[in-house]
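In what follows, a structure is listed as structure tokens, so that the remarks can point back to it.
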Amino acid sequence: MTPTAAVAATDTHCPYCSLQCGMRLAPGTDLPAEVLERPDFPVNRGALCGKGRSAPALLARDVRLTGPLLRDRPGGPLRSAGWPEALDRVAAGLAGVRAEHGPDAVGVFGGGGLTNEKAYLLGKFARVVLGTANIDYNGRFCMSSAAAAHRRAFGLDRGLPFPLADIPHTGCLILVGGNPAETMPPAVRYFRELRENGGRLIVVDPRRTRTAELADLHLQPRPGGDLALALGLLHLVIADGLVDREFVDRRTSGFERAREAAMAHWPDRVERITGVPAHQLREAAGLFGRAATGMVLTARGPEQQSKGTDTVGAWIDLCLATGKAGRPYSGYGCLTGQGNGQGGREHGQKADQLPGYRSIEDPAAREHVAAVWGVPAESLPGPGVSAYELLDGLGRPGGVRALLLAGSNPAVSAPNAGHVTERLRALDLLVVADVVLSETARLADVVLPVTQWAEEDGTTTNLEGRVIMRRRALDPPEGVRSELWVLRELAARLEVSSGFPVAAEQAFEELRRASAGGDADYAGISYDRIAAEDGVFWPCPTPDHPGTPRLFLDRFATPDGRARFAAVTHRPAGEEPDEDFPLYLTTGRVLAQYQSGAQTRRVAELNAAAPGPYVELHPRLAERLGIADGEPVAVTSRRGRAVAPARVTDAIRPDTVFMPFHWAGAGRANSLTNPALDPVSRMPEFKLCAVRVEPAGTESAVAESVSTAPARQEVAP
């Protein structure tokens, strides 16, 4: 059946990053739909990047799954199956493992691209139907360190506590470890407007990225130096008398301990640790400290470290010491990565949380949510383990033996990905719900084809905390179903006959009640309000509440209303270079690809712009190693090896190499990365590890990327 487009264009949102750019979908000719601009949506004001413009390519039948797949024996091929057979197989497998090994032997792994409704019901399914504590999601890999630091300092976590539209009006902005010019291009206009208005932009990044080229000042620290750098700037702000004492005394606590910690990070010491010249440190401290207003935004660079929570905490300290928080055009924020990375962690996908951003260990929270779900509070499991710990335990005694995985591709995206792939193969049952046959889906016993962004209604929450709505613009192929339908059918087979609505708006109405009174309170948000107001900012506790675009203007969300300083100190990364592995590796994204590449690698336009992986290295390093631009390079860590072409550039530090992480095969960057965990957030240390680099000889430098052939051609008849 050919997807049927609606007669008129439909207002909806891009399926990719956390901007959730507004777009319109009209009936297509060569493709099922055509993207039109939607200039009235305030976040992107009509602008779209190449990924958004080409998103309808994924709706075509020849690039996506159109029916369930089953594997009859370990190592055998996947074959086509009908939905009843596939669902019966999944339900029997989950029930069998649970009966033999207990409820925590079944697990759920979600994704930051799922709608709020899907994330909510996935968490409910894990706790009510399966009774397992073992649920987490790939958002743990995205911004959990920022979330932990945000909650520790302010009592509440929302990616940005202010709208993006505030950015052009601040006096000085420090962007740490982010490259929005490539990861979320429509946001760059806000930084350009900042400079046009006379504001100053400071970018902190080991690479001279497209974003760094826009900056007034680019600080280029060694990977892992972000914590020392923040403390060095705080030291200078204090030493130069730029502390806002009135703000510190009236609206914060813990300054003296933070001051003592910062005083141990004088400029010369920080220069030795980070490689950033002391004169640049002084310039940055002066620009930020003397500005009337200011913001610090962090992204994955400082967050994906084994000290990520403390690192973000130090940058928050800089905001607090200078009075740049809880005031108009000032504050700390995090540039969320995934499309619904914010909403995905608010409503129960995370191992330690219940809907409304409630703690699963809070008795009152358990009572409230259990009442909405119609189950005894004591029946709800406690907290489970974090994402990497869940994956690391797959198939092991005491670990998960049957896994339901939705909207994630850890065979490419997880740290130490070779090991994670081995653990996925060790499962008694792996069930993957996805729109394409990803590398992880290829390992599955059952693959369930699910609807895409343009084929369903549902809400997401962007990086500003703005709850927005995706609208169904066309029908999915006949053999494709929504995850909401899948959860209802599985619940029924597992003897839970109600509580899993298929209609997204019904699920959202229950989510509103479950979130009521929580930190992320959606109780006052409805589908009608979202449509009428171009999104509603949470918290929004009642229908007549205006929503909260700007947090903390009157008080912080701590019990005493004061923001808390973090008294932290620099410490080494989980793994530092040594004689055997003398270089840093850092990883990141490129403009034309997204996350694990499972979707974007199937789009010809995007592959033409970014056809494969590469290793970026400095000319001095390349000369020393005898490597020429374009030649194959082998990068080896303690965990694995990757091979890709060299890209020689002076935009990288001489002691550092960079690889994008979107590809599988020989160039899989996450074969190398270190799963060392932050002790608070449990986020792995993606952003740095120790490697050695050498010519790869005659080996192929191009990683084998996923086939763009129809999924049906990859299965047995």
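The values are calculated or read from the model by the stated rules, or taken from the named source; none is laboratory data. None of these values were measured; they are calculated from a predicted model. Methodologically, a virtual Cβ is constructed for each residue, glycine included, from the backbone with ideal geometry; neighbour enumeration extends over all protein chains shown. Note: areas computed on protein heavy atoms with side chains; ligands, DNA, RNA excluded. Shrake-Rupley method; radii C 1.70, N 1.55, O 1.52, S 1.80 Å.
For this structure, a couple of remarks:
- Hull-based mean projected area of the stretch 244-292, where the convex hull spans the alpha carbons, in square nanometres: 4.0
- Dividing the mean sequence gap of close Cα pairs (under 8 Å, 6+ apart) by how many residues the stretch 441-520 holds gives a relative contact order of 23 percent.
- Enclosed volume per residue, in Å³, of the convex hull spanned by Cα atoms of the stretch 569-686: 127
- Within the stretch 357-424, none of the trypsin sites (Lys or Arg not before Pro) combine a DSSP coil assignment with at most 12 other C-beta atoms in a 10 angstrom radius.
- Helix-only mean residue ellipticity at 222 nm for the chain, each DSSP H run of n ≥ 4 adding -39500 (n - 2.57), per residue, nearest 500: -8000 deg cm²/dmol
- In the chain, Rg over Rh equals 0.95, where Rg is the alpha-carbon radius of gyration and Rh the Kirkwood radius from pairwise Cα distances.
- Ratio Rg/Rh [Cα only; Rh per Kirkwood] for the stretch 91-155: 1.09
- Only Lys, Arg (+1) and Asp, Glu (-1) charged, at Cβ; the stretch 84-172 dipole about Cα centre in debye: 240
- Charge sum, other residues only, whose C-beta stays under 12 Å from Val296's C-beta, Lys/Arg counted +1 and Asp/Glu -1: -1
- For the stretch 227-362, alpha-carbon Rg relative to the globular expectation (2.2 N^0.38 Å, N residues): 1.17
- With the simple spin-label model, which puts each label point 7 Å out from Cα in the Cβ direction, the Ala531 to Asp216 separation comes to 4.5 nm.
- Globularity index of the stretch 123-231 is 1.35 (Cα radius of gyration / 2.2 N^0.38 Å, N = number of residues).
- Given Lys118/Lys687; Lys51/Lys687; Lys51/Lys118; Lys307/Lys350, the pairs whose alpha carbons are separated by over 27 Å: Lys118/Lys687
- Once all protein chains are placed together, Asp249 keeps about 90 Å² accessible to a 1.4 angstrom probe.
- Separation of the stretch 372-393 from the stretch 570-613 is 32 Å, based on Cα centroids.
- For the chain: accessible area per residue (Å², 1.4 Å): 33
- Top positive-direction residue, dipole computed over the stretch 11-146 with Cβ charges, set Gln20, Trp83, Ala99: Ala99
- Per-peptide average of other Cβ atoms within 10 Å, ordering 576-582, 169-175, 53-59 highest first: 169-175, 53-59, 576-582
- If both residues of a DSSP beta bridge must be in the chain, then about 45% of such bridges are antiparallel.
- The dipole here belongs to the chain: it is taken about the Cα centre, uses +1 on the Cβ of Lys and Arg and -1 on the Cβ of Asp and Glu, and is about 420 debye.
- Net +/- balance of residues flanking Gln342 in space, Cβ distance below 10 Å, scoring K and R +1, D and E -1: 0
- Convex hull per residue volume in Å³, alpha carbons only, for the stretch 310-371: 144
- Cα centroid of the stretch 149-215 to Cα centroid of the stretch 235-303, whole Å: 17
- Unit charges at the beta carbon, dipole of the stretch 315-456: most positive-side option, Asn340, Pro328, Val420: Pro328
- Using Cβ point charges alone (K and R +1, D and E -1), the dipole size of the stretch 1-156 about the Cα centre works out to roughly 380 debye.
- With the convex hull drawn over the C-alpha atoms of the stretch 360-427, the volume per residue is 114 Å³.
- Note on Leu591: accessible area approximately 60 square angstrom, rounded to 10, probe 1.4 Å, nucleic acids and ligands left out.
- Share of Cα-Cα pairs in the stretch 442-557 lying beyond 18 Å, as whole percent: 59
- Using equal-weight Cα scatterers in the Debye expression, the normalised intensity of the stretch 1-139 in log10 at q = 0.17 Å⁻¹ is -1.08.
- When only alpha carbons are used to place a centre, the stretch 423-452 and the stretch 31-62 end up 27 Å from one another.
- Calculated translational diffusion coefficient of the stretch 442-489 (10 °C, 1.306 mPa s; Stokes-Einstein with Kirkwood radius over alpha-carbon pairs) equals 127 µm²/s.
- Per the Cα gyration tensor, the stretch 168-278 maps to an equivalent ellipsoid with semi-axes of 27, 19, 11 Å, ordered largest to smallest.
- Computed accessible area, His570, all protein chains, 1.4 angstrom probe, square angstrom: 40
- Rounded to the nearest 0.05, the FRET efficiency derived from the C-beta distance between Thr29 and Ala377 at R0 = 45 Å is 0.25.
- Extension gain from Leu36 to Arg396, taking 0.36 nm per residue of separation minus the Cα-Cα distance: 124.7 nm
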